[in-house]
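Following: one structure in structure tokens, then a few remarks.
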Amino acid sequence: MEIQMEEDVKDCCPARRTLWYMVFFGFMINYNLRLNLNMAIVSMVENRPKNNYSLTSECIVTEPLLNASTLDFHSTNWTETLYNNKSKLLDYSSHVTPKVPTMSPTYPWNPKEQGILLGAFFWLHWLTQIPGGILASKYGTKLVFGLSNFIGVMMALFIPFAASFGYRYLLFLRVVQGILTGFAWPSMHNMTAKWIPPNQRSKFITAYLGSSVGAGLTYILCGFLMDSFGWEAVFYFTGTVGTIWYAAWLFLVYDSPADHPRISAAERKYIEDSLGKTVTKNTAPIPWRSILTSVPVWMNCLGHVGGLWGLFMLLSNAPIYFRFIHGWKLTSTGILSGVPQFFRMLSSMVISRVGDYILKNNLMSRTNVRKLATAISTVGQGFCMLAIAYSGCNSMIAFIFVGASAACHGAVSTGVLASIVDNSPNFASIVLGMANSLVCFNGFATPALVGYFTNDNQTIHQWQKIYLISASILMVTGVLYSIFSSSKLMPWNDAYSNELKEAVELRFVENSKKQTSNRNEEEEEEMLPSNNKEHSEKT
């Protein structure tokens, strides 16, 4: 009967299931805040000038009217080739720029300025990563994650207003929004460590991949919203949905099983027994020296940065790539940019279940499971980037490998993200904060890289350079992680108990020395002659 009850608790877990869904939707909101401008900006900027053919991709041509024999497709000077055949080109602005409602203003921002705007969210996003983990340890994830997301949602409502005042006002708003939403991601590992048994972490961390669904829905819905109502509707939609989520978060989520008023006694006992002593109830001092000198910590940071370089490259720049290289309309661009993110979520769920099955049946060590998953999310992505680099004008091949790349990164929930908790459940939020601080470099570096290579030069050759650089970064970080990483529980995880243990051992040593000293004095007294002994007693 007891065995059956334990199986029921494992399979049917209302509190943890509710938590999974709320975390899932929370990360959806978080990524919507990051990416809504990435899609909206293709409609916010003014139409390209018709007489500037250096801005036009070689893929955007009129097939029926264009005689292939008249164009030198092997020429390296695409600008000259296109200019000499400009009568056969499509009207670029009408081909890739759908009719936007007159209520939506447009702005004269060039590709470099657009890249700066897209990266501004991450300029100071790193500042609040480690504080996010520390604050979650002190005040709880419910407060930190929820409030960080909600403030970002409120600021999204003011983006159209800021843009109307000018480029610098919008830039400032995005920087502040990035700072305030930076508390969210690292804070969640604190809750994961308190709620989820070790062998179920891969499965639960798939909730973090709500970010993928958020990215996918953002691009798809934004395309339709902009096409029907103008780009401002994107940010009003974000504000409405985010507010509804925050209200549910306040009512349904609690920081630990002990705090939850509606959790069953059986589920609470199962969670607490499974966690054992890996999570301390005492406020532990942060072992900064041990964390900063830990090779597994830095390998997790490296693997996280590498995998997310590929993801950020596609998330931030896929709309621009499909729109200005392959010439798709807004709705098509949204679909092509968004659908691959659903592949990431699906692969995450499949790989996490396989990983937990392997661990449950002791088919592979925990470290090797994390290494294999991280290799998929980094090296696997690298090969996909190579395929995109050489896809040319074939938008279907490009779409397939963009999806495959996103699917490869889904393994991160079984790899780096789970390994961080494996190393140190007590300080997982702080370590994730460190990793996310470094990841912020990806956020502003990838749009800047694209802006540098494609400014007034939207060609396949330039995008090929971008994807080759990304493939190199992914493969190098993946190989290094596979060689040097470890997912064992670190001895500094229980800093409070270690400190207490050291104090007890020191006290024991001092008492032993004192007892030995007293014993030696007694022995010396016994060895004295009787007259000396009597004299000693009188004295």
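Tell me which helices (runs of 4 or more DSSP H) are completely within the stretch 392-505 and hold 3 or more residues being open to solvent by 30 Å² or more (accessible area, probe 1.4 Å) and hydroxyl-bearing (Ser, Thr, Tyr), or say none if there are none.
Correct list: empty, since no element meets the threshold.
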message = Can you find, within the stretch 355-366, the residue that is nearest to the chain's Cα centre (by Cα) among those that are surrounded by fewer than 16 Cβ atoms within 10 Å (Cβ to Cβ) and either closer than 21 Å to Tyr208 by Cα or of a type in the set (Lys, Arg) (or both)?
response = Tyr357
message = With the structure loaded, tell me whether Ala247 is of a type in the set (Gly, Ala, Ser), open to solvent by less than 30 Å² (accessible area, probe 1.4 Å), assigned to a helix (DSSP H, G or I) and free of Cβ contacts under 8 Å to residues at least 12 places away in the same chain or whether it fails that test.
response = no
ask   = So Ser347 clears everything in (1) touching a Cys at 6+ places or on another chain (Cβ under 6 Å); (2) in a helix (DSSP H, G or I); (3) touching a residue at least 40 places away in the same chain (Cβ under 8 Å) except one condition, right? Which one?
value = (1)
inquiry  = Could you check the stretch 173-191 and list, in sequence order, the residues that are open to solvent by less than 10 Å² (accessible area, probe 1.4 Å), within 15 Å of the chain's Cα centre (by Cα) and not small (Gly, Ala, Ser)?
reply    = Thr181, Pro186, Met188, His189
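Within the stretch 214-233, track down each residue that is among the hydrophobic types (A, V, I, L, M, F, W, C) and either over 16 Å from Asn38 (Cβ atoms) or part of a helix (DSSP H, G or I) (or both).
Ala215, Leu217, Ile220, Leu221, Cys222, Phe224, Leu225, Met226, Phe229, Ala233
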inquiry  = Among the residues of the stretch 517-537, are any open to solvent by less than 80 Å² (accessible area, probe 1.4 Å), at pLDDT 85 or above and not in a helix (DSSP H, G or I)?
reply    = no
ask   = Checking Asn362 against (1) in a loop (DSSP other than H, G, I, E, B); (2) out of contact with any Phe, Trp or Tyr (no Cβ under 7 Å at 6 or more places or on another chain); (3) in contact (Cβ under 8 Å) with a residue 40 or more places away in the chain, which test does it fail?
value = (3)
key: Boolean, Ser164 is surrounded by fewer than 19 Cβ atoms within 10 Å (Cβ to Cβ), farther than 21 Å from Ser316 by Cα and of a type in the set (S, T, N, Q)   = yes
request  = Please determine, by comparing only the residues of the stretch 288-331 that are basic (Lys, Arg) and either farther than 25 Å from Ile41 by Cα or buried (at least 23 other Cβ atoms within 10 Å of the Cβ) (or both), which one is modelled with the lowest pLDDT.
outcome  = Arg323
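Within the group Ser391, Ser437, Ser429, which residue is without any contact (Cβ under 8 Å) to a residue 12 or more places away in the chain and farther than 14 Å from Leu311 by Cβ? Give the steps one after another, and end with the answer.
Details: Ser437 fails: without any contact (Cβ under 8 Å) to a residue 12 or more places away in the chain; Ser429 fails: without any contact (Cβ under 8 Å) to a residue 12 or more places away in the chain.
The match here is Ser391.
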task = Only residues in the stretch 213-228 that are farther than 21 Å from Val23 by Cα count as the first member; pair them with residues that are among the hydroxyl-bearing types (Ser, Thr, Tyr) and part of a helix (DSSP H, G or I), Cβ under 8 angstrom, at least 6 apart or cross-chain, and list the lot.
result = Gly223/Thr331; Gly223/Ser332; Gly223/Thr333; Phe224/Thr331; Met226/Ser43; Asp227/Thr331
request  = Can you confirm whether the stretch 205-223 contains a residue that is at pLDDT below 90 and open to solvent by 50 Å² or more (accessible area, probe 1.4 Å)?
outcome  = yes
inquiry  = For the structure I just gave you, tell me whether Arg370 is in contact with a Ser or Thr (Cβ under 8 Å, 6 or more places away or on another chain), at pLDDT 80 or above and among the basic types (Lys, Arg).
reply    = yes
inquiry  = Within the stretch 250-278, take every residue that is open to solvent by less than 40 Å² (accessible area, probe 1.4 Å) and within 30 Å of Ile151 (Cα to Cα) and give me the one that is modelled with the highest pLDDT.
reply    = Val253
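Quick one: which residue in Gly334, Gly382, Gly338 is under 26 Å from His461 (Cα atoms), touching a Pro at 6+ places or on another chain (Cβ under 8 Å) and open to solvent by less than 20 Å² (accessible area, probe 1.4 Å)?
Gly334 is the lone residue from the list that is under 26 Å from His461 (Cα atoms), touching a Pro at 6+ places or on another chain (Cβ under 8 Å) and open to solvent by less than 20 Å² (accessible area, probe 1.4 Å).
The values are calculated or read from the model by the stated rules, or taken from the named source; none is laboratory data. As the structure is a computational prediction, the values presented were derived from the model and not from experiment. Every residue, glycine among them, receives a Cβ derived from its backbone with ideal geometry; neighbour counts consider all protein chains shown. Ligands, DNA and RNA are stripped out before the accessible areas are found, and what is left, the full protein with its side chains, is counted by its heavy atoms. Shrake-Rupley method; radii C 1.70, N 1.55, O 1.52, S 1.80 Å.
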